[in-house]
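Here, each number is a calculation from the coordinates, and none is a lab measurement. Here the structure is a predicted model, which is why all the values come from computation and not from measurement. Note that we place each Cβ from the backbone using ideal geometry, even for glycine, and neighbour counts take in every protein chain shown.
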Amino acid sequence: MARVALVTGGTRGIGAAITKSLKAAGHTVVANYGGNDEKANAFKEETGIDVAKFDVGDAAACEAKIAEIESSVGPIDIVINNAGITRDGTFHRMTFDQWKAVIDTNLNSMFCVTRPVINGMRDRGFGRIISISSINGQKGQMGQANYSAAKAGVIGFTKALAQENAKKGITANVVAPGYIDTDMVAAVPPKVLEAIIGGIPVGRLGKAEEIGALCAYLASDDAGFITGATMSINGGQYMA
């Protein structure tokens, strides 16, 4: 069944692949973005998918923009919490601003984006909430105390949400990608990238489209018996 979906950070990288997969599945999709108007408008022109600019870490901005989206295209039944940033640094050198920026965007956004839609989902008896964590939220990562903490928090948030809303027809699940072939990973120095790939049992980076396909399935009616799960999609690099 075709529904309305909102994908945060949905115009670039993994988010763009998720957005395109949901559109291919027949859903009406709105892709959120935070700052790059030029790339967002290019994405809209390329795909025909509507874009919406707002700060996912700002509760008031999220509430206002989501109300506007629902008024324009209909009630949101699918939310993909994908937006995320990094501000890496070893903890003994990390500033509070580096910490706060990552927590606001990667973790506080879980509340800011999901809270405005949850009651509507409960009233309608259907919802799909899919939140993107990371292999580094499962195992931790040197130089990413802020990022690892936020992405681990996504998993705890989702497990609680799943239990609270299962009887209302709402599922909540986590997708935890490993190293995916995006522009960010492509910028890693070749020797470092070679070492990363050497630690992945399948011997390659993941594809953003593989993340998109998994999210499209979890968003479907067929996935109604999957909730509170963390789907690791990392080529076997970390098996939890």
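Annotations for the structure displayed:
- Scanning the range 1-49 for residues that are touching a strand residue (DSSP E or B) at 6+ places or on another chain (Cβ under 7 Å), under 24 Å from ASP222 (Cβ atoms) and of a type in the set (Lys, Arg) returns ARG3, LYS23.
- Single residue of the range 71-106 satisfying the filter (of a type in the set (Val, Ile, Thr) and part of a helix (DSSP H, G or I)) that is farthest from VAL56 (Cα to Cα): VAL73
- On inspection, GLY235 qualifies as over 20 Å from VAL7 (Cβ atoms) and either of a type in the set (A, V, I, L, M) or free of Cβ contacts under 8 Å to residues at least 60 places away in the same chain (or both).
- Number of positions in the range 177-215 that are without any contact (Cβ under 8 Å) to a residue 60 or more places away in the chain, touching a helix residue (DSSP H, G or I) at 6+ places or on another chain (Cβ under 6 Å) and under 23 Å from ALA24 (Cα atoms): 0
- Qualifying residue in the range 48-61 (condition: aromatic (Phe, Trp, Tyr) and not in a loop (DSSP other than H, G, I, E, B)): no
- Candidates ASP50, ASP55, ASP77: the one that is in contact (Cβ under 8 Å) with a residue 60 or more places away in the chain and of a type in the set (Asp, Glu) is ASP77.
- Wholly enclosed helices (runs of 4 or more DSSP H) of the range 107-206 bearing at least 2 residues surrounded by fewer than 21 Cβ atoms within 10 Å (Cβ to Cβ) and among the hydrophobic types (A, V, I, L, M, F, W, C): 109-124, 145-165, 183-186, 190-198
- Matching residues, the range 118-132, being in contact with a Pro (Cβ under 8 Å, 6 or more places away or on another chain) and under 29 Å from THR86 (Cβ atoms): ILE132
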